[in-house]
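Below: the structure, in structure tokens.
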Amino acid sequence: MSLLNRILGTGRDPREALRPLWHRTVELSRAPHWYAHGQVADTVPGRFDMITLILCLVILRLEGEPDTPKPIALLIELFVDDMDGQLRESGVGDLVVGKRVGKLVSVLGGRLGALRKALPADGDAELIAALERNVTLVEGVSPAPLATAVRALQQQLAALSVADVLAGKLAGKLA
């Protein structure tokens, strides 16, 4: 959608087709399983970590598939819009919102790189290390149960068609 179309309100926002996927990603990140079994801290940072973790798994599922670079970019735009809104709602002023959103996108990119490297590795040692660095856990717990749940979700996503992923028809039940 061109800037002129957005300003004038003409044309359809291409992100709308991906909104169900974004909402399902957020919904999955809020599943009690991650916090009770996976030992992710049920805090604002822990919830952000889960949103980025699930989003990274979705992006990694779509990477390399034909015709998915644009949907991936649009999905990241939805992430940016949501984070912008969340920051503004929490009282962050206009002058620093852009800088904070930029940092959040940078965090997403870093986590994407860490998972891109860790998930194909044999065993869970590299994934556990990546989760330890990138997810706010309950103090003193191992990320091993979280790594098991992440692998299960990764397998569920791999079993879905690209069309189902793009439509937001993600895993219904987490292990």
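Side notes on the structure shown:
- Residue in the range 99-117 that is more than 16 Å from the chain's Cα centre (by Cα) and at pLDDT 85 or above present: yes
- Yes/no for ALA149 being at pLDDT 85 or above and either closer than 15 Å to THR52 by Cβ or open to solvent by 30 Å² or more (accessible area, probe 1.4 Å) (or both): no
- Cβ-Cβ under 6 Å pairs, at least 6 apart or on other chains, the range 119-138 side touching a residue at least 60 places away in the same chain (Cβ under 8 Å), far side loosely packed, with under 15 Cβ neighbours inside 10 Å: THR136/PRO45
- Yes/no for VAL96 being modelled with pLDDT under 80 and more than 23 Å from ALA158 (Cα to Cα): yes
- Complete set of residues in the range 129-155 that are of a type in the set (A, V, I, L, M) and in a helix (DSSP H, G or I): ALA129, ALA130, LEU131, ALA144, LEU146, ALA147, ALA149, VAL150, ALA152, LEU153
- Members of the range 156-175 found to be charged (D, E, K, R), in a loop (DSSP other than H, G, I, E, B) and more than 16 Å from the chain's Cα centre (by Cα), listed by number: LYS173
The values are calculated or read from the model by the stated rules, or taken from the named source; none is laboratory data. Being a predicted model, the structure only gives us computed values, none of them experimental. Note that we place each Cβ from the backbone using ideal geometry, even for glycine, and neighbour counts take in every protein chain shown. Just the protein is used for accessible areas: all its heavy atoms, side chains included, with ligands, DNA and RNA removed. Shrake-Rupley method; radii C 1.70, N 1.55, O 1.52, S 1.80 Å.
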